Structures are given as structure tokens and as C-alpha cells.
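Below are the C-alpha cells for one structure; questions will follow.
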Amino acid sequence: RAEKTFNWKMTNAYGPGSPFYVTGPGSPADFARMVKEMSGGRLNIQQFAAGELIPALEGFDAVSKGTVEMNIGNAYFWAGKTFAAQYFTTVPFGLNFQGMTSWLYHGGGQKLWEDLYAPFNLVPMSVGNTGIQMTGWFRKPITSVDDLKGLKMRIAGLAGKVYAALGVDVKLLPGGEIFPALERGVIDAAEFVGPYQDRRLGLHKAAKYYYTTGWHETENVTELIVNRQAWDSLPADLQAIVRTAASACTIISQSWCEATNAEALDDLVKNQGVKAQPLPDGLVDKLAEVTQQVLSDAAAKDPEVKKIHEAYFKFKATHDGWAGISEAVYQNQLRNRLKFS
Amino acid sequence: MGALVSLADVLDRLVERVGRATAWANLALVLVMAANVLLRYVFTTGAVWAQELEWHLMSPIILLGMSYAIQQEGHVRVDFVFAKFPHWLKAVIDALTHALVLAMALIIVWLSLDYVGQSFGNNEGSPDPGGLPMRWLLKAFIPVGFSLLAVQALAGTLRSLISLSLGTPLQSEIAPHAQEEAI
Amino acid sequence: MSNEILAILCLLSFFVLLVAGIPVALTLAVTGFFFGYLGFGESLFHLLPARIFGVTGNYTMIAIPLFVFMGMMLEKSRVAEELMDVIGHLSGNLRGGMGVGIIVVGVLMGATTGIVGATVVTLGLLTLPALLRRGYDPKLACGAICASGSLGQIIPPSLVLILLGDILGQSVGTLFAAAMLPGLMLAGIYIVYILAVGWLQPHRAPTVPLEERDALARKELWMKVLKVGLPPIGLIVAVLGSIIGGVAAPTEAASMGALGAILVAAIARRFNAKVLRDTVLATAKTTAGMFFILICSQVFALAFRGLQGEQLVHDLFDLIPGGIDSDIWFMMLIIFLLGFFIEWIEISYIAVPLFLPILQNAGVDLVWIAVLIALNLQSSFLTPPFGWSLFFLRGVAPKSVATTDIYRGVIPFILLQGVSLMLVFLFPKVATWLPKAIGW
Ligand code: NA
Ligand code: NA
């Protein structure tokens with residue numbers, strides 16, 4: 001029997017050539033290739049990087065309306081449309097990659113996400129993850145909370161609000177101007193992604209103090225949104241193929257980040273004179289305290305945010321117990337024992 | 001005919017008033033951005049909303065300014081062949097130009113109403129905490145600006161048609177020096 | 001009819017309507033709407049408002065009104081009115097001296113801004129009337145102003161390099177360093193050309209007459225140098241200094257220039273309500289007029305995309321026999337040809353990602369490629385009929401300057417750009433040496 005062929009457009013919030021976000025293993029381009037191969041060419045997804053069809057942050061409205069069928073981005077880009085979207089990318093001091101994927105796939109997170117997006121006519125799912133990100137690049141060492149006062153930093157979103165509460169002067173800058181601004185000291189610090197992506201931007205040439213283990217982005221979900229009517233028009237097998245390819249890419253992209261970040265950090269520290277270290281404990285205490293306040297305020301303001309906030313942190317409380325005797329002990333007690341190289 | 005001429009004058013005056021008023025947004029942009037830079041450098045303080053205001057000012061500058069720019073300076077065109085055309089053909093092309101700009105402006109107004117409606121429906125604001133609210137208002141400059149362009153093009157169309165039927169050139173009293181800028 | 005044929009017809013109709021005298025903006029919109037509608041109906045046009053919002057909300061574009069404001073303030077307050085005359089006096093017997101002055105001013109302004117329009121507007125307002133009065137060939141004067149005003153795109157900071165850094169995955173800092181020498185080399189080539197014209201065809205680039213030079217006392221001349229030289233130099237220091245001194249990011253620095261222009265006018269006691277109003281109105285007209293074309297070009301670009309225009313380019317590419325050098329030259333040819341129709345942002349988005357995998361596979365140095373592309377894209381500002389520099393200069397040039405003067409004037413400069421492209425191709429070190437030397 002002759003089967004219908006679907007030719008879809010997929011826009012992307014990231015620019016042409018971006019590794020991880022646009023091309024490379026586990027990227028949206030890889031996702032489109034998998035879908036095409038698994039469906040025997042019945043679902044063809046043409047990807048358009050940011051600026052090719054529409055500007056970076058216009059995908060939500062375009063998919064909602066159905067002019068394009070799919071968009072790649074991060075849910076927290078849509079915080080201005082629905083604040084609770086934050087929770088489906090990352091929240092400061094939130095779940096890590098294992099925790100987040102567990103919540104989405106098995107802890108009710110996926111259902112809450114779909115409910116949140118239903119009024120917008122969208123079906124969301126995870127299609128990638130950067131894993132844990134880095135705190136960022138600083139021109140001077142940070143030894144205490146006082147060092148944050150008057151520090152000019154390129155940082156956006158909720159983390160910016162937390163930093164601002166501790167006296168940081170928050171500066172918004174487009175990606176291309178981060179390097180020149182940091183290099184000349186227009187800003188004292190900047191946050192981007194992780195070692196691999198940051199090195200690609202050349203940030204290590206502008207600032208040498210690399211604060212690691214990003215408290216503000218303990219994982220970061222790449223989001224695929226599909227127009228509801230387009231999704232419903234797909235036969236069940238093609239829907240299954242899309243979901244399968246999306247979860248495959250979630251794993252493949254995260255492990256790709258793990259591998260490339262390991263190589264890049266090694267290179268940055270050994271060859272490029274970068275000082276990589278975690279933030280001082282006292283400062284992290286303070287950041288957590290403010291985050292606690294910021295998140296409870298947001299939850300108190302809006303019942304929809306409250307519902308998702310509570311579900312997220314309820315899952316996290318249980319998961320933390322398990323992680324404390326599994327991951328934490330592995331990292332602290334077991335990981336570093338054998339010496340083979 | 002006289003009524004049509006005065007209608008065209010009224011439309012032109014509207015475009016001119018709006019254009020002259022929004023031109024000051026250019027000065028506002030200079031002052032806001034310079035203030036942001038100097039306050040950050042001297043006092044290391046800056047507000048997210050004040051930084052967003054910088055690019056928010058671009059919408060009125062561009063969208064409310066474009067019909068004024070065309071009214072005062074004319075359209076930019078390639079004229080090395082056009083300049084050799086007989087007078088009647090130039091007049092026909094001018095009339096056609098105004099009418100097509102009118103059609104284009106109306107199409108874009110129609111296309112953008114949905115876009116603004118989506119933003120209004122979500123009560124969209126800045127994704128950044130501390131940013132400016134009511135992004136739909138910012139987006140609404142698109143249909144408003146192109147409506148204003150339609151007004152300007154309508155005035156131009158009226159004048160062109162009258163001038164064609166009379167066989168004499170007819171200048172706007174608002175922009176007496178408005179020659180078609182040519183390249 | 002297949003989409004590829006529609007895409008070709010779209011390009012051809014654009015050319016025909018443009019030459020027939022339909023306004024540039026309207027031509028872009030009409031051909032875009034018409035052929036787009038034939039190809040894909042109304043569907044994709046619902047993306048148009050998002051693209052328009054992308055233009056009006058583009059942060060780096062804020063520099064355009066700011067630098068135009070700076071140029072207009074300099075002109076309306078007449079603080080640098082005699083700039084060209086003074087340069088003419090200073091260059092004495094050297095024929096073409098004032099033309100060389102334009103290139104030097106263009107380099108300095110190019111170092112302060114990554115925006116072509118602003119430099120062309122400022123140079124056009126400040127220098128063209130003086131050059132014409134001095135008997136310069138309008139073609140040479142217009143060509144030099146357009147070419148010099150476009151130098152800002154290769155001399156850092158530069159919007160072109162920022163975008164290419166993004167698409168090619170190279171550090172913006174590396175590209176800035178890499179473009180430095182090729183940019184200066186290009187300026188040098190322009191200067192040699194203008195001096196050669198002055199030497200071979202003296203009537204096209206005359207000097208200030210000897211008796212007039214003698215009439216002006218040395219002391220008086222140096223006073224004039226101070227008077228007209230300080231304002232523009234002060235602004236360059238304000239803009240460049242605020243970037244280098246870590247006061248402002250590149251786009252923000254434009255506001256220092258605009259604010260500086262107000263201060264300069266005030267110090268010269270030329271600042272008053274009328275000057276301010278004239279500046280504001282002129283800025284509004286020039287800025288909004290240019291953005292109107294940019295907005296209309298969104299219709300054209302959207303249609304070209306929707307009609308799979310990039311597929312057209314891709315198919316052409318398949319016709320090319322192997323070898324990475326011929327691939328690179330073919331890419332350069334495509335970028336140059338696209339420059340006749342569309343502007344550099346769209347060219348970068350259409351052509352560069354298409355060739356990127358081939359370049360990566362061949363293992364060529366992408367920094368070097370970026371500089372080649374940037375040099376090439378620069379000609380898109382100058383190639384008629386769709387060239388931003390030409391539009392900007394037309395907007396501020398006296399009516400006595402004919403369109404054909406601008407058109408024919410830029411041709412030699414486009415050829416010189418080809419020469420510089422060839423030099424960087426043959427000697428990649430021109431681009432790759434500096435970033436390595438300073439560790440960027
Ligand atoms: Na520049
Ligand atoms: Na061109």
C-alpha cells in the first residue's frame with residue numbers, strides 16, 4: 001500500500017554550524033537523519049538554523065501556528081510567554097542529567113511539560129542535553145561574596161537575577177560581542193556553555209579563571225517542539241520513530257558533550273594556562289540561599305509554576321537520597337582509585 | 001478632484017507629524033545607551049530593563065519612521081534607464097509604485113495582526129527577570145508602522161492618479177522638495 | 001513549474017524591475033511575494049512578521065542610527081566642514097592627496113565601527129561637496145568614498161567577521177586579528193591606485209592651486225588643521241578608546257560617538273536647538289529609509305529560501321570538477337554573484353553553510369577562508385544594483401552627481417578588491433600570521 005510521505009521544516013534557535021545545537025553526533029541534524037532512515041524516507045525533516053528561515057527565538061510562535069512543524073531550542077527561552085517553561089530546561093541548584101532524564105521519562109515530568117504546552121498547541125520533548133555546564137570565565141579570582149559586588153557579568157535569565165541580588169551588575173550581550181567585551185574588560189565575567197563550546201568561542205584568551213561546575217545550569221535540556229496538528233497527522237509508527245530518535249539523541253548528545261568537554265578541559269588547563277576551580281563554599285551557600293528565595297517567590301506568584309515547582313522538587317528530594325549513596329559515593333570514594341595511566 | 005487633493009494633504013500631514021515626533025527617539029537612543037554605558041563604567045550599576053530599552057527604541061525609529069523617510073526623501077531607485085523614459089512613462093511607473101507599496105503595506109499589516117495577537121494572547125514579556133513587560137506592544141509597531149506606510153502610499157497614489165488625469169505634475173505641499181531619490 | 005525555475009525567474013525579474021526604475025525596496029517585496037506565492041502559497045509568508053521583528057530587534061543594528069546621528073551632527077553643526085580643504089592644503093603638490101585622505105579617514109572610521117552605512121554617510125556628507133568643488137572627477141570621488149566607507153567591514157571591529165565567526169565556528173578574536181593586515185593591505189592598494197590616477201590623469205584628481213596654498217599662511221593652516229581635525233579625531237578616540245579602554249562593547253561604543261558629536265558641537269559653540277532638530281530629523285530619514293529596504297529584503301530572502309534557492313546554489317556546485325582550490329574559487333564566484341542581488345547577511349547564511357562541510361573535509365584553515373569570504377563580501381556593498389554603499393552615498397550626495405558616476409566610479413575599486421583577494425589566496429600568511437603572533 002502506498003504510504004504518505006511527510007516533508008517537514010524544523011527551525012532552530014542556534015546559528016548555522018553550531019556543534020551540538022545544529023550539527024554533529026546527537027544533534028538536530030543527526031536527529032533528522034535518524035528519522036529519515038528509520039522511516040524509510042517517509043518523514044523528511046529539513047533543518048533551518050537560526051536566521052535561515054526565521055530569527056533565533058521565533059520558533060515557538062511559528063510552530064504554535066503551524067507554519068513550520070518543528071523547532072529546536074531551550075524551554076527557558078519561552079519564559080516570557082510561560083514562566084514555568086524554565087523547569088524543563090534547568091533551574092539553579094536543580095537536577096543533574098541523570099535526575100532530569102529520570103524525572104522527564106519516569107517521574108511525571110514529561111506529562112507536566114505536555115500539559116504546560118497544550119494551550120500553545122505544542123508537543124514538547126527532550127532531544128539533547130549538554131550535561132552540567134560551567135559557572136563561567138572571570139578575569140579575576142573570586143574568593144568571597146564581596147568579590148561579586150560590582151562585578152560586571154554577561155549572564156541572562158534566573159541566574160542573572162540571583163547574581164544581581166548579590167551585587168553583580170548583569171549585562172546582556174549577543175554571543176558575538178562576549179569575546180571583545182570580556183577581552184577588553186567591559187565585562188569582568190561571562191557565562192557560556194562548557195569547556196568545548198567555550199574554547200570554540202575563544203573565551204580562555206580573554207579571561208583565565210574558569211569557575212567550574214555550574215550551579216546555575218546543572219544540566220540543560222535541548223527542546224524539540226512539534227505542532228500539535230502536525231503531530232496528530234503522523235501515523236503511530238512515525239510518532240514512535242520521532243520519540244525514539246529524540247531520546248536516542250538525548251543520550252548521544254550528552255555523551256558527546258561528556259567526551260569533548262573532557263578533552264577540552266584537559267587542553268585548557270594543560271596547554272592554555274587556564275585555572276579551573278570550583279567556587280568557594282561560602283559563596284555557593286549564599287547563591288543557594290538567594291535561589292531558594294527567588295524560586296519560592298516565583299512559585300508563590302503563579303499556581304501553574306507552583307504545581308510544576310512542587311513536582312520537580314518532590315522528585316528531586318527522593319532522587320537526592322538515591323544519588324547521595326550512588327553517584328556521590330562513586331564520585332567521592334570510588335572513582336579515582338585505579339591508576340592505569 | 002479638489003476633495004481628493006485635500007484628502008491627500010491630510011494623509012501626508014499625518015505621516016509627517018508622526019515622523020517628526022518619532023524622530024526624537026533617535027536622540028533618546030543616544031542618551032539611553034550612553035547613560036547605560038557610563039553608569040555601568042562609573043558606578044557599576046545597570047538595569048536589565050534599561051538595556052532592553054536600547055533595542056526596543058529601534059522599533060519606533062524604524063517602523064514609524066519609514067513612511068516619513070519615503071515621504072521626505074522618496075524611494076531609492078536605480079535610474080540610469082528610468083532617466084531616459086518619456087515623462088508619461090515615468091508618471092505611470094510612479095503611480096504603479098505608490099499603488100504597489102499600498103498593496104504591500106496592507107498585506108504586511110494583515111500578516112502581522114496574527115503575530116501580534118499571539119503575543120497579546122500569551123501576555124508575552126521579556127524572558128529575562130527585570131526585563132520590559134508587554135512585548136506585544138513592541139510587536140504592534142509592525143502593523144501600526146505599515147498602516148502608516150499605507151496612508152503615505154495612498155496619498156501618493158491619489159496624487160499620481162490626479163496628476164496622470166490632468167497631465168501635469170502635482171507636488172505635495174508637505175514635502176515640496178521630495179524628489180524621487182535615484183541611484 | 002519547479003521551485004528551482006521559480007527561484008531563477010525570481011532573480012531575473014528582480015534584475016529587470018530594478019533596472020526599469022521600480023524602487024529597490026518595492027522590487028524586493030514584489031518579486032518575493034509574487035514568486036513565493038506561486039511556489040508555496042501564502043504559508044511561509046506568515047513567518048514574515050517574525051523576520052521583520054528580527055530586523056527591528058537586532059541588537060547589533062543599533063549602531064546604525066547611532067553612527068548616522070554622529071555623522072549628521074558633524075555635518076549639521078559644520079564643525080568639520082573644511083576637512084577636505086585642509087587635507088588638500090596639507091598634501092601640497094601631491095595629486096590625489098585628498099583622495100588618499102578619504103581612504104585614511106575611512107580606515108580610521110572603519111576601526112571605530114563595523115557598520116558600512118555610517119562611514120559612507122559621514123564621508124559623503126563631509127567630503128564629497130569639497131572634492132567636487134576642487135574639480136575632482138565625480139566618478140573617482142564617489143568610488144573612493146564608497147570603497148573607503150566599506151573598509152569598516154574588514155577592519156575590526158566588524159559585523160561581517162562576527163557573523164562569519166559564528167557560522168564558521170571560529171573565535172571572533174582570531175578573525176579580528178586575521179583581518180587586520182588584509183584590511184590595511186586593501187586600503188594600501190586603494191591609496192596606490194588613487195596616487196596612480198593622480199599621476200597619470202592629473203585632471204581627475206587636482207591639487208589645491210599653488211597661489212591659494214601660498215595665500216594661506218603656515219600658521220593659519222595649522223590653526224585650521226587643529227580646528228577641523230580635532231572633532232573627527234576626538235570622536236574616533238571616543239569610540240575606539242571606549243572599546244580598547246574597556247568602557248563599552250563594540251555596539252555600545254557607537255553611543256559614545258554620538259554623544260561625543262554632541263559634545264564636540266557644543267565645545268565649538270555650534271550646538272543649538274536647530275542643529276539638534278535638523279540632526280534628529282536627518283538621522284530619522286536616513287536610518288528609517290535604509291531599514292525599509294532591509295525589511296523589504298526579508299520578503300525576497302524568505303521567498304528565495306522557500307523556493308529552495310540554496311538547493312539551486314548546491315546543484316550548481318555539483319557541476320564543478322574536483323580539487324579544493326577550484327571549490328574555493330567557485331564559492332568565491334557564487335558569493336560575488338549573489339552580491340548583485342542580495343545583501344551580505346543573507347549571502348553568509350545561504351552560501352557559507354553550504355560549502356562548510358567540503359572545506360572542513362579538505363582540512364583548509366577556516367580563519368584564512370573567513371578572511372577570503374570577508375574580502376569578497378565587501379564587494380557586495382559596492383556591486384550594483386544592490387549595494388548598500390551605493391544607496392547610502394546616493395542618499396547624501398548632491399543632485400548634480402549622476403547615478404552613473406557612482407556606478408562607474410566603484411568598478412575600479414571592485415577590481416582592486418579582486419586583486420587583494422588573489423593576494424590573500426596566494427599568500428595565506430597575510431591573514432594567518434597576526435593571530436598566531438599575538439596568541440589570539
Ligand atoms: Na570596522
Ligand atoms: Na551588491
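The numbers here are math on the coordinates, done by the rules we state, and not lab data. Given the structure is predicted, the values throughout are model-derived calculations rather than measurements. Backbone-built Cβ (ideal geometry, glycine too); neighbour counts: all protein chains shown.
Over 28 Å apart: what share of the alpha carbon pairs of the range A:197-341 falls there, rounded to a whole percent? Kindly include the intermediate steps, with their values, before the conclusion.
On the way: 4724 of 10440 pairs.
Value for the range A:197-341: 45 percent of Cα pairs lie more than 28 Å apart.
What helices does chain C have that are whole DSSP H segments, at least 15 Å long along their own axis by Cα, and with mean Kyte-Doolittle hydropathy of 1.6 or more?
On the way: long enough: C:3-19 (24 Å, 2.49); C:24-40 (23 Å, 1.81); C:63-76 (19 Å, 1.43); C:97-110 (19 Å, 2.24); C:116-133 (25 Å, 1.67); C:138-150 (18 Å, 0.83); C:172-200 (41 Å, 1.97); C:218-244 (36 Å, 1.17); C:250-267 (26 Å, 1.45); C:273-306 (49 Å, 1.03); C:324-341 (26 Å, 1.96); C:344-362 (25 Å, 1.23); C:366-380 (21 Å, 1.78); C:403-426 (35 Å, 1.47).
Answer set is C:3-19, C:24-40, C:97-110, C:116-133, C:172-200, C:324-341, C:366-380.
Output the relative contact order of chain B, whole-number percent, from Cα pairs under 8 angstrom with separation of 6+ residues. Walk me through the numbers before you get to the answer.
Details: 213 pairs, mean separation 66.2, N = 183.
Rounded, it is 36 percent for chain B.
Per residue of B:42-49, what is the mean number of Cβ atoms on other protein chains within 10 angstrom of that residue's Cβ?
Working: counts 1, 2, 8, 4, 6, 3, 7, 0.
The mean count of partner-chain Cβ atoms within 10 Å per residue comes to 4.
Still on this model: What nm value, rounded to one decimal, do you get for the distance between C:SER13 and C:SER326 when each label is placed 7 Å out toward the C-beta?
About 3.5 nm, to one decimal.
Sticking with this one: Given a Förster distance of 60 Å, report the FRET efficiency between C:GLU211 and A:ASN271 from their Cβ-Cβ distance, rounded to the nearest 0.05.
Numbers: r = 67 Å, r/R0 = 1.11.
Result of the calculation: an efficiency of 0.35.
Per the Cauchy relation, a quarter of the hull surface: what is the mean projected area of the convex hull of the alpha carbons in the range A:268-341, in nm²? Walk me through the numbers before you get to the answer.
Details: hull surface 32.5 nm².
Computed as one quarter of the Cα hull surface, the answer is 8.1 nm².
Between the helical axis of A:236-271 and the dominant principal axis of chain A, each derived from Cα atoms, what acute angle in degrees is found, rounded to the nearest 10?
It is inclined by approximately 20 degrees.
May I ask for the equivalent-ellipsoid semi-axes of chain B, computed as the square root of five times each C-alpha gyration tensor eigenvalue and listed largest first in whole Å?
On the way: eigenvalues 299, 72, 39 Å².
Computed over chain B, the values are 39, 19, 14 Å.
Determine the shielding of peptide C:165-178 by partner chains: average, over its residues, the number of Cβ atoms on other chains within 10 angstrom of each Cβ. Mind dumping the intermediate values first?
Numbers: counts 6, 12, 6, 2, 9, 4, 9, 9, 9, 3, 2, 3, 0, 0.
Averaged over the peptide's residues, the number is 5.
Same structure again: Taking R0 as 25 Å, what's the FRET efficiency between A:GLU258 and A:GLU37 from their Cβ-Cβ distance, rounded to 0.05? List each step's numbers first, then the result.
Values: r = 25 Å, r/R0 = 0.99.
Efficiency, from the Cβ-Cβ distance: 0.50.
On a C-alpha basis, how far is the centre of the range C:74-89 from the centre of the range A:258-323 in Å? Whole number, if you could?
Spelled out, the Cα-based centre of one part sits 58 Å from the other.
What is the packing order of peptides C:314-321, B:7-14, taking the mean over residues of other C-beta atoms within 10 Å and listing the highest first? Mind dumping the intermediate values first?
Values: C:314-321: 10.8, B:7-14: 17.5.
Highest to lowest by the protection proxy: B:7-14, C:314-321.
Once every DSSP H run of n ≥ 4 in chain C is given -39500 (n - 2.57) and the sum is divided by its residues, what mean residue ellipticity at 222 nm do you get, rounded to the nearest 500 deg cm²/dmol?
Details: 21 runs with 339 residues, N = 440.
Computed mean residue ellipticity for chain C: -25500 deg cm²/dmol.
Roughly how many whole Å is it from the C-alpha centroid of the range A:191-219 to that of the range C:157-235?
39 Å
For C:LYS274, give me every one of the aspartates and glutamates with a C-alpha distance below 15 angstrom, ignoring sequence neighbours fewer than eight places off in its own chain.
C:GLU75
Another question, then. I'd like the Kirkwood hydrodynamic radius of chain C, using the inverse of the mean 1/r over distinct C-alpha pairs, in Å.
Details: mean 1/r = 0.0443 Å⁻¹.
Across chain C, the inverse of the average 1/r is 22.6 Å.
At R0 = 30 Å, how high is the FRET efficiency between A:GLN110 and A:ASP302 if r is their beta carbon distance? Nearest 0.05 is fine. Please list the in-between numbers first.
Details: r = 21 Å, r/R0 = 0.70.
Given R0 = 30 Å and the Cβ-Cβ separation, E is 0.90.
Report the one residue of C:GLY289, C:MET256, C:MET61 whose Cα lies farthest in the direction of the positive end of the charge dipole of the protein assembly as shown (charges on C-beta: Lys and Arg +1, Asp and Glu -1; origin at the Cα centre).
Farthest along the dipole direction, towards plus: C:MET256.
Hey, what number do you get for chain A at 222 nm if only DSSP H runs of n ≥ 4 count, each worth -39500 (n - 2.57), divided across all residues, to the nearest 500?
Values: 11 runs with 149 residues, N = 341.
Computed ellipticity for chain A at 222 nm equals -14000 deg cm²/dmol.
Which of the helices in chain B, when you take each full DSSP H run, stretch at least 15 Å along the axis at their Cα atoms and have an average Kyte-Doolittle score of -1.0 or higher?
The answer, listed by residue number, is B:2-22, B:24-43, B:87-121, B:141-166.
Along the principal axes of its C-alpha atoms, what lengths does the protein assembly as shown span, in descending order and rounded to whole Å?
Here the spans come out as 93, 65, 60 Å, largest first.
Starting from the Cα of A:GLU3, step 7 Å along the direction of its Cβ; do the same at C:LEU415; then give the gap between the two resulting points in nm.
6.1 nm
Could you state the orientation-averaged shadow area of the convex hull built on the Cα atoms of chain A, in nm² to one decimal?
Numbers: hull surface 73.4 nm².
Answer in nm², one decimal: 18.4.
In whole Å, how far is the Cα centre of the range A:63-106 from that of the range A:130-161?
A separation of 23 Å, based on Cα centres.
Considering Cα pairs under 8 angstrom that are at least six residues apart, work out the relative contact order of chain A and quote it in whole percent.
Working: 576 pairs, mean separation 78.5, N = 341.
Value for chain A: 23 percent.
Whole-Hz ³J(HN,Hα) for each residue in the range A:46-53, computed from phi via Karplus 6.51 cos²θ - 1.76 cosθ + 1.60 with θ = phi - 60°, x for glycine and proline: what do you get?
9, 8, 10, 5, 3, x, 6, 10
With everything on Cα atoms, drop me the angle between helix A:281-301 and the longest principal axis of chain A, reported from 0 to 90° to the nearest 10.
In chain A, helix A:281-301 runs at an angle near 40 degrees to the longest axis.
Just tell me which lysines come within less than 20 Å, Cα to Cα, of A:LYS270; anything on the same chain fewer than 8 places away is out.
Counting by Cα, and skipping residues close in sequence, A:LYS270 has these lysines nearby: A:LYS140, A:LYS205, A:LYS208, A:LYS339, C:LYS436.
Okay, next question. Using helices alone, what [θ] at 222 nm do you get for chain B, with -39,500 (n - 2.57) per DSSP H run of 4 or more residues, divided over all residues and rounded to the nearest 500? Could the numbers behind the result be given before it?
Working: 7 runs with 124 residues, N = 183.
Value at 222 nm, helices only, nearest 500: -23000 deg cm²/dmol.
Further question: How much length, in nm to one decimal, is gained on full extension between C:TRP199 and C:GLN360, taken as 0.36 nm per residue of separation minus their Cα-Cα distance?
Details: separation 161, 0.36 × 161 = 57.96 nm, distance 4.60 nm.
Residue separation times 0.36 nm, minus the Cα-Cα distance, leaves 53.4 nm.
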